[in-house]
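Okay, structure first, notes after.
The values are calculated or read from the model by the stated rules, or taken from the named source; none is laboratory data. Nothing here was measured: the structure is a model prediction, and the numbers come from that model. No Cβ is skipped: glycine too gets one built from the backbone with ideal geometry, and neighbour counts run over all protein chains shown.
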Amino acid sequence: MPLMRANAMRRALAEMRHSTRATAALQALTEQDPALATLSLWCQHRDDDRILLAETRGGEIRYGAGFEALPLHEQIGLAGHHILHVALQHPGRMQAMADRTGADFAPDIWQIGCDALINEALLAAGHALPRPALTLSGLLTSVGTKPDAGNPLAEWDAERLYHRLRQSGGGGAQNARQGGDTQALARAYAAQQGFQPDFSSADAAAEEGSAPDHADTGDWRAHLARALSAGRAAGVGLGALGLRLADLPQPHVPWELVLRRLLLRATLQRAAPSTARPARRWLAQAGFAVQTGVPLPAWQPRLQAPQASPSIVVALDCSGSIPAEVLRRLVAETGGIARRMQARVTLLVFDEDIRSESVLDPANWRKSIATLDLPEDGGTDFRPVLARASALSASVLIVLSDLDGPTGERRPSCPVIWASPQAQPRAMPFGHVLSLAR
């Protein structure tokens, strides 16, 4: 028994030992890319014979036997690839996106986007990668989006790129809600480039027994700032490029939480004063005044519960491009608020005018959304929708649109939430503008 225990301890210590396969690549990084070398110090590096090349699990990078067979310059690029997965917190952000989107989450699309962002940065910094390798420019081109000729890395982060890959690239509102063609194009391009998933979500890594990444977003932002500063000072590698990376980890409040807060605030039922009945406190004070002969106190009305239930109006611009999974998530949030607040939800489908109006039944609203017959190719005019929301005495109006249309001079009698799939929606003359791009 003691011998078996000693052997088990030796195996455990061997598994926890720092990687010998990656030693040469990590040492070479100190001269070729001080920024990546600095970031590598906050990662854990292990050897794992079960892996072909390399994988990221939480905050740990594991190197397989095939990693040693690569030439040194490709080892450096591949090690840098996984170091950036950890530094940019892709496993943790993957888990957060999965929690947000539930059954709609596509893990391969998330990993394709993350690999494209990282490879684009590494190739721009002069590193080599095992070929073929998917890039951000190639991925965007494959799905019909023209990349920024200067620096596409400054425009796209993992969340926004994921949503772009999940939506349709074709024309027409109906095709935009199907969202299948862009994913197929992205998967086809990735397969051509030999893509294989190479990291696990934070929760999956913890279940597998890998070391969790305890550094939070603020810590990694500080690590990245120091690392890029070291690279700029050395004049080589990733830091020397001076590129602005939009994918740097940063605290971000998901739009679902913002929508939830706005809806709760708008539909919260408050007690209203009743001029017909006095408050109990006033009755007590008035009785005391009659007994003692002092003047009656000032009138205090009793507060009564509101009689009418709150009403939520959702206006869907059928001429816009609202991706299917974004529409489902937004309606799901709206439906959740409606159930908790016992609110009535009315759906308006519109373009230049209101095309249909229906009340969403809490029991089958998902089916109602899935079977919507949406017209296409019309213009957009918000004035009929704003007028109808006022006529329905709505507690709040949610408008799903690309926000390109006239609003008129008359404001509705209820709060308005403008929800747009664009990363930077246009400003509206009133209401709260909410981007659904992340």
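Of the residues that make up segment 69-82, is at least one at pLDDT below 90, over 19 Å from the mean Cα position of the chain (by Cα) and closer than 30 Å to ASP48 by Cβ?
no
Of the residues that sit in segment 133-156 and are of a type in the set (Val, Ile, Thr) and under 22 Å from the mean Cα position of the chain (by Cα), which one is surrounded by the fewest Cβ atoms within 10 Å (Cβ to Cβ)?
THR145
Of the residues ILE322, ILE312, which is of a type outside the set (Phe, Trp, Tyr), surrounded by 21 or more Cβ atoms within 10 Å (Cβ to Cβ) and at pLDDT 80 or above?
ILE312
Restricting the search to segment 149-172, which residues are outside any helix (DSSP H, G or I) and either in contact with a helix residue (DSSP H, G or I) (Cβ under 7 Å, 6 or more places away or on another chain) or closer than 19 Å to HIS85 by Cα (or both)?
Selection gives GLU155, TRP156, ASP157, GLN167, SER168, GLY169, GLY170.
Take segment 19-39 and flag every residue that is within 16 Å of ALA54 (Cβ to Cβ) and charged (D, E, K, R).
ARG21, the sole residue that qualifies.
Given the structure, is GLY80 within 20 Å of THR23 (Cα to Cα), in contact (Cβ under 8 Å) with a residue 40 or more places away in the chain and surrounded by 24 or more Cβ atoms within 10 Å (Cβ to Cβ)?
yes
Can you tell me which residues in segment 47-66 are surrounded by fewer than 23 Cβ atoms within 10 Å (Cβ to Cβ) and of a type outside the set (Asp, Glu)?
Of everything in segment 47-66, those that are surrounded by fewer than 23 Cβ atoms within 10 Å (Cβ to Cβ) and of a type outside the set (Asp, Glu) turn out to be ARG50, ILE51, LEU52, LEU53, GLY64, ALA65, GLY66.
Out of GLY58, GLY102, I need the residue that is out of contact with any helix residue (DSSP H, G or I) (no Cβ under 6 Å at 6 or more places or on another chain) and either farther than 23 Å from GLY237 by Cα or at pLDDT below 90 (or both). Which one?
Only one candidate passes the filter, namely GLY102.
Select from segment 372-392 the residues that are of a type in the set (Gly, Ala, Ser) and at pLDDT 85 or above and write down the one among them that is surrounded by the most Cβ atoms within 10 Å (Cβ to Cβ).
ALA389
Looking at (1) surrounded by fewer than 17 Cβ atoms within 10 Å (Cβ to Cβ); (2) part of a helix (DSSP H, G or I); (3) β-branched (Val, Ile, Thr), which is the only condition THR20 fails?
(2)
Quick check on my filter: what residues within segment 76-113 are outside any helix (DSSP H, G or I) and small (Gly, Ala, Ser)?
Residue satisfying the conditions is ALA106 alone.
Does any residue of segment 242-252 turn out to be modelled with pLDDT of 80 or more and either not in a helix (DSSP H, G or I) or not aliphatic (A, V, I, L, M) (or both)?
no
Among the listed residues SER19, SER40, identify the single one that is in the same structural domain as GLN111 (by TED's automatic domain parsing), closer than 20 Å to PRO130 by Cβ and modelled with pLDDT under 90.
SER19
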